[in-house]
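Novice: First, the structure itself, so that you have it in front of you.
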Amino acid sequence: MDASNIDKPYVVGIDVGGTNTVFGIVDARGEIKAQSSISTRGHATAEEYVSAVCNAMIPLIEETVGIDKIKGVGVGAPNGNYYNGTIEFAPNLPWRGVIPLAKLFEDRLGIPCALTNDANAAAVGEMTYGVAKGMKNFIMITLGTGVGSGIVIDGHVVYGHDGFAGELGHVIVRRGADARQCGCGRKGCLEAYCSATGVARTAKEIVTNATEETSLSKIKIDDITSKDVYEAAVAGDKVAQSIFDFTGNMLGEAIANFIAFSSPEAVVLFGGLAKSGKYIMDPIKESVDKNILNIFKGKTKLLVSDLKDSDAAVLGASALAWELK
């Protein structure tokens, strides 16, 4: 990040979500000067979508700092390819195929634009503004509707030869006939168990077969969310706590394997599920300690992101823009 750029001391971060797109103007200290959003859906083409974002964003920029003060634009998006500036075959977005989103924004705004996938953007944001500031080797794991990840080695995000490296949420952690179906089309992925959606699926299985009394049985089984499980666990519900134990144990096993891959200084967890405190962190730590290779014991910190959920995606995307020439 070049904080000495006096002429253009601001960047824009855009987080493209399946439902909403959030954008913000960010200074070199990571302070969001202004922020707004529009619906991602309801635009027939990607070109119409980019036009709608810019129609909402340009007046905000002009009112706040002036467009001539913007150094660049960073975009975090599902299935984003950093090398090509494209979104490629994103299942949760309304446009199909390969979308040259960075170029569309550059052409519309006349400002350089960088794009990456949302979990990599979160890793860049954490390294620039968050608990990983100053770290050169860490793994970011985002626990939301899915499980995303960004791997940083020697200060650089790992993109692989095609731009899509680091899909740790789709490492297969369970095999056999009982392995859960994942949204990616395969079975047994970490995401199918350790995402917020995965916790709800675990709750459905455990509550259905529970012999112990649980407050979760008062909720319609298909309506139970990870938030419901957390609230029940806080209230002392043993069945809810066992759901977190199951999830944390599996996530810990996976993290122990990830540590063997890159020997990170830290594994940073982000997302609502990571904010479940001791209920998720204690079983994760216990499982990591039980499964980790001896040479790595005690060397990797387990941290929870301290960036606000509402700001993190925008900050992560904006951090990309400081590197633009």
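Novice: By counting other Cβ atoms within 10 Å of each Cβ, how are ILE6, ILE38, ILE99 ranked from fewest to most? Let's see the in-between values first.
Specialist: Values: ILE6 7, ILE38 17, ILE99 26.
Neighbour counts put them in this order, fewest first: ILE6, ILE38, ILE99.
Novice: What ³J(HN,Hα) values, in whole Hz, does the Karplus curve 6.51 cos²θ - 1.76 cosθ + 1.60 give for region 6-21 when θ = phi - 60°, with x put for Gly and Pro?
Specialist: 6, 5, 10, x, 10, 10, 10, x, 10, 10, 8, x, x, 9, 10, 10
Novice: Size of region 241-281 along its principal axes in angstrom, Cα-based, largest extent first?
Specialist: 31, 17, 13
Novice: Report, by chain and number, residues whose modeled amide H sits under 5 Å from the one on CYS113, excluding near sequence neighbours (fewer than 5 apart, same chain).
Specialist: Amide H neighbours of CYS113, under 5 Å, 5+ apart: VAL73.
Novice: Averaging over every viewing direction, what projected area does the convex hull of the Cα atoms of region 134-306 cover, in nm²?
Specialist: 10.8 nm²
Novice: If R0 is 30 Å, what FRET efficiency do you get for HIS161 and ASN209 from their C-beta distance, rounded to 0.05? Kindly include the intermediate steps, with their values, before the conclusion.
Specialist: Numbers: r = 45 Å, r/R0 = 1.50.
Calculated value: 0.10.
Novice: Another question, if that's okay. How long are the semi-axes of the equivalent ellipsoid of the chain, defined as square roots of 5 times the Cα gyration tensor eigenvalues? Whole Å, largest first. It would help to have the intermediate numbers written out before the result.
Specialist: Values: eigenvalues 249, 98, 66 Å².
Its equivalent ellipsoid spans semi-axes of 35, 22, 18 Å.
Novice: Sequence-distant or interchain residues sharing an amide H contact under 5 Å with LYS301, placed H: which?
Specialist: Amide H neighbours of LYS301, under 5 Å, 5+ apart: ALA266, VAL267.
Novice: Indicate the gyration tensor shape class of region 111-195 (rounded, prolate or oblate), computed on the Cα atoms with a ≥ b ≥ c the square roots of the eigenvalues: a/c under 1.5 is rounded; otherwise a/b larger than b/c is prolate and the rest oblate.
Specialist: prolate
Novice: Considering only DSSP beta bridges where both residues belong to the chain, give the percentage that are antiparallel (nearest 5). Display every interim value, and only then the final one.
Specialist: Details: 28 of 47 bridges.
So the antiparallel bridges amount to about 60 percent of the total.
Novice: Mind pulling the angle between the C-alpha long axis of helix 309-321 and the longest principal axis of the chain? Nearest 10 degrees, somewhere in 0 to 90.
Specialist: 50 degrees
Novice: Can you list residues whose amide H is under 5 Å from ALA165's amide H, if they're 5+ apart or on another chain and H is modeled 1.01 Å from N?
Specialist: GLY160
Novice: Then there is this: When the distances between all Cα atoms of region 42-187 are binned every 5 Å from zero, what whole-number percent does each bin get?
Specialist: Reading upward from the zero bin: 2, 9, 15, 18, 18, 16, 13, 6, 2, 1, 1, 0.
Novice: Report ³J(HN,Hα) in whole Hz for each residue of region 130-137, in order, from the Karplus equation J = 6.51 cos²θ - 1.76 cosθ + 1.60 where θ = phi - 60°; Gly and Pro get x.
Specialist: x, 5, 8, 4, x, 7, 9, 9
Novice: If you build a Gaussian network model of the chain, linking Cα atoms that sit under 10 Å apart, which residue out of LYS133, LYS220, LYS103 swings the most?
Specialist: In this elastic network of the chain, the residue with the biggest mean-square fluctuation among LYS133, LYS220, LYS103 is LYS220.
Novice: Give me a comma-separated list of calculated 3J(HN,Hα) values for region 195-209, in order, Karplus coefficients 6.51, -1.76, 1.60 applied at θ = phi - 60°, integers in Hz, x for any Gly or Pro.
Specialist: 7, 4, 5, x, 4, 5, 5, 4, 4, 4, 5, 6, 5, 4, 9
Coordinate-derived values only; no laboratory data. Note that this is a predicted model, so its numbers are computed, not measured. Positions of Cβ are generated from backbone atoms using ideal geometry, with glycine treated the same way; all protein chains shown enter the neighbour counts.
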